[in-house]
1. Accessible surface of Ser129 in the full protein assembly, 1.4 angstrom probe, to the nearest 10 Å²?
2. State the extension gain, in nm to one decimal, for the chain segment bounded by Val134 and Ser93, taking 0.36 nm per residue of separation less the distance between their alpha-carbons.
3. If eta is 1.567 mPa s and T is 4 °C, what Stokes-Einstein diffusion coefficient results for the range 103-165, Kirkwood Rh from Cα pairs, in µm²/s?
4. What angle, in degrees between 0 and 90 and rounded to the nearest 10, separates the Cα long axis of helix 147-172 from the longest principal axis of the Cα atoms of the chain?
5. In degrees, nearest 10, range 0 to 90: what is the angle between the Cα axis of helix 15-27 and the longest Cα principal axis of the chain?
6. Pairs of lysine in the chain with Cα under 27 Å and at least 8 positions apart or on different chains: total?
7. What length, rounded to one decimal in nm, is gained on full extension from Glu120 through to Lys106, with 0.36 nm per residue of separation minus their alpha-carbon distance?
8. So, with a 1.4 angstrom probe, what is the percent of accessible area on the chain that is carbon and sulfur?
Amino acid sequence: MRVAVYPGTFDPVTNGHIHITERSCTLFDKVIIAVAAENYKCNLFSVEERIFMVRESIQHLGNIEVESFTGLLADFASKKKADAIIRGLRAISDFEYEMQMAAINKHLNKDLETVFLMAEGQYSFLSSSIIKQVALIGGCVQGLVPSIVDEYIGKKYQERLRRTKEVHYGERG
Ligand code: ADP
């Protein structure tokens, strides 16, 4: 039984993440999507929201689990008896950081391989950050993210809009 862990922040999950997940599911018997609970990046969504959106988006896949993790990824992977970590590579800019992470994870757990999957054309410029930038100023991200994410990020946009109006109203009043 070959097990892989696909870790990330998934803030929020995009169709690029889903494509990497689908491809990983054909390579491994089981894939565990590990959603980072720690909030180093000032995430837009809570870990519960991020996990919910990932779960809703991968219902068509059978050999997959979604969990949160804290602490060292190498420890989480050992606990799950994983053979590999999956990472996606979009552009050369991803490479240096990913190489460092692969090396340190190998140092921490010598049995753990990192497997890189190259992003395919339409996904290679897609990131959670660009989705947030566009959606939170009212742009359409349909087709770039699963429909549940489109719905959730739309709600965040409406919330922001409401808060901004309250501030302006308060200033005027
Ligand atoms: P992290 O904070 O760990 O980088 P992300 O959620 O941003 O978390 O990304 C998780 C993984 O998914 C990373 O390996 C990243 O390179 C990969 N990834 C993100 N977006 C895409 C995409 N559009 N195509 C392929 N891989 C992607």
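1. Answer for Ser129: close to 70 Å² accessible.
2. Values: separation 41, 0.36 × 41 = 14.76 nm, distance 2.11 nm.
Between Val134 and Ser93, full extension yields an extra 12.7 nm.
3. Values: Rh = 14.4 Å.
So the translational diffusion coefficient is about 90 µm²/s.
4. With both axes taken from Cα atoms, the answer is about 40 degrees.
5. Its long axis makes an angle of about 20 degrees.
6. 23
7. Values: separation 14, 0.36 × 14 = 5.04 nm, distance 2.62 nm.
Contour length minus Cα-Cα distance gives 2.4 nm.
8. Of the solvent-accessible surface of the chain, carbon and sulfur hold 54 percent.
The values are calculated or read from the model by the stated rules, or taken from the named source; none is laboratory data. Everything numeric here is computed off the predicted structure, so don't read it as measured data. Using ideal geometry, Cβ is built from the backbone for each residue, glycine included, and neighbour counts are taken over all protein chains shown. Ligands, DNA and RNA are excluded from the accessible area calculation, which covers all protein heavy atoms including side chains. Shrake-Rupley method; radii C 1.70, N 1.55, O 1.52, S 1.80 Å.
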